[in-house]
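Each remark here refers to the structure printed beneath this line.
The values are calculated or read from the model by the stated rules, or taken from the named source; none is laboratory data. Just so it is clear, the structure is predicted and the values come from calculations on it, not from any experiment. Using ideal geometry, Cβ is built from the backbone for each residue, glycine included, and neighbour counts are taken over all protein chains shown.
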Amino acid sequence: MPRANRHYIPGCVWQITHRCHKQEFLLKFDKDRKRWRHWLYEAKKRYGLCVLDYIITSNHVHLLVMDTGEHVIPKSLQLIAGRTAQEYNIRKKRKGAFWEDRYHATAVQTDKHLAKCLVYIDLNMVRAGVVQHPSEYTISGYNEIQTPSKRYSIVNQKALNDLFAVKEDHIFRQLHREWVEQELLNNVSSRQSFWSEAVAVGSENYIQNIQKELVGRIPGRSIVSESESSILKEPTTPYSTLFDTQKGILRPKNTYFLSINH
């Protein structure tokens, strides 16, 4: 599989998708999903990772985060993915890759598109036919938002409140429930692949601004419209990003920088 595309856009909200190697069901057991969540909690404690939503499926994870500082996201993903894989391989006496070599990160505009992204993540297992309602799938951001725990909380409720301009937690929870229930009334069976494959998702102006700010354009990048959103797409080709941490696998000339003012 080609390596996933990633960019660094300071201050953005990111929808991160990370798949198990060859899409194997390496996270099919509850204890392994709980270990991934444990290390997500550790990333929050150690690096200040700002988590807005997440879900852990049998062969991939979705993680919605807000960029709060240089290298916070790559350090966090390195910790989570590395420790989860290490523990699994030791327990199973297994060798070889656990994850696809790179996670994919999609920038999401912080308006109605962010609400749509939240709901898309929450309904992942509904679309898969595993549950009929997201509340039935326990290891998820949906349940943490709706029934917050006093200990070991991962989702940054204050950040969600601020992004959606609400003052009280219960107001956001009500909005969140309404978004999900409304989508459940619609057709939730179709997968919207752009949330896991696009460079960015948002309004036409948002996408155009991102495209204008790109330094060193890659041939084939295009703006398309889908599901009342504009999407910035490009061919899946290997190149570096500031999301890589101290490895320098690819040369700096292959890194693309964006600077978006919010």
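Considering every residue within the stretch 51-59, establish whether at least one is of a type in the set (D, E, K, R), outside any helix (DSSP H, G or I), touching a residue at least 60 places away in the same chain (Cβ under 8 Å) and within 20 Å of ARG151 (Cβ to Cβ). Checked the stretch 51-59: at least one residue is of a type in the set (D, E, K, R), outside any helix (DSSP H, G or I), touching a residue at least 60 places away in the same chain (Cβ under 8 Å) and within 20 Å of ARG151 (Cβ to Cβ).
Residues in the stretch 170-207 that are of a type in the set (Gly, Ala, Ser) and part of a helix (DSSP H, G or I): SER196 alone. The residues of the stretch 44-61 that are within 14 Å of LEU123 (Cα to Cα) and touching a Gly at 6+ places or on another chain (Cβ under 9 Å), listed by number, are ASP53, TYR54, ILE55.
Looking across the stretch 205-221, the residues that are under 18 Å from VAL13 (Cβ atoms), modelled with pLDDT of 75 or more and not polar (S, T, N, Q) come down to TYR206, ILE207, ILE210. The one condition from (1) of a type outside the set (Asp, Glu); (2) touching a His at 6+ places or on another chain (Cβ under 8 Å); (3) assigned to a helix (DSSP H, G or I) that ILE210 does not meet is (2).
Residues in the stretch 155-167 that are among the polar types (S, T, N, Q) and either under 13 Å from VAL65 (Cα atoms) or assigned to a loop (DSSP other than H, G, I, E, B) (or both): ASN156, GLN157. For SER140, the conditions (1) surrounded by fewer than 14 Cβ atoms within 10 Å (Cβ to Cβ); (2) within 19 Å of GLN192 (Cβ to Cβ); (3) not aliphatic (A, V, I, L, M) all hold with the exception of (1). You will find that of ALA165, ALA200, the residue that is crowded, with 20+ Cβ neighbours inside 10 Å, among the hydrophobic types (A, V, I, L, M, F, W, C), modelled with pLDDT of 90 or more and more than 26 Å from VAL130 (Cβ to Cβ) is ALA200 and no other.
From LEU40, LEU64, LEU26, LEU79, which residue is assigned to a strand (DSSP E or B) and in contact (Cβ under 8 Å) with a residue 40 or more places away in the chain? Only one candidate qualifies: LEU64. The residues of the stretch 144-162 that are of a type in the set (S, T, N, Q), surrounded by fewer than 18 Cβ atoms within 10 Å (Cβ to Cβ), under 19 Å from the mean Cα position of the chain (by Cα) and at pLDDT 95 or above, listed by number, are GLN157, ASN161.
In the stretch 69-96, of all residues being modelled with pLDDT of 95 or more and among the small types (Gly, Ala, Ser), the one that is surrounded by the most Cβ atoms within 10 Å (Cβ to Cβ) corresponds to SER76.
Can you tell me how many residues within the stretch 92-104 are outside any loop (DSSP other than H, G, I, E, B) and either within 27 Å of the chain's Cα centre (by Cα) or closer than 24 Å to ILE73 by Cα (or both)?
First pass over the stretch 92-104, keeping only residues outside any loop (DSSP other than H, G, I, E, B): 92, 99, 104.
Restricting the remaining residues to those that are either within 27 Å of the chain's Cα centre (by Cα) or closer than 24 Å to ILE73 by Cα (or both) gives 99, 104.
Residues meeting the conditions: 2.
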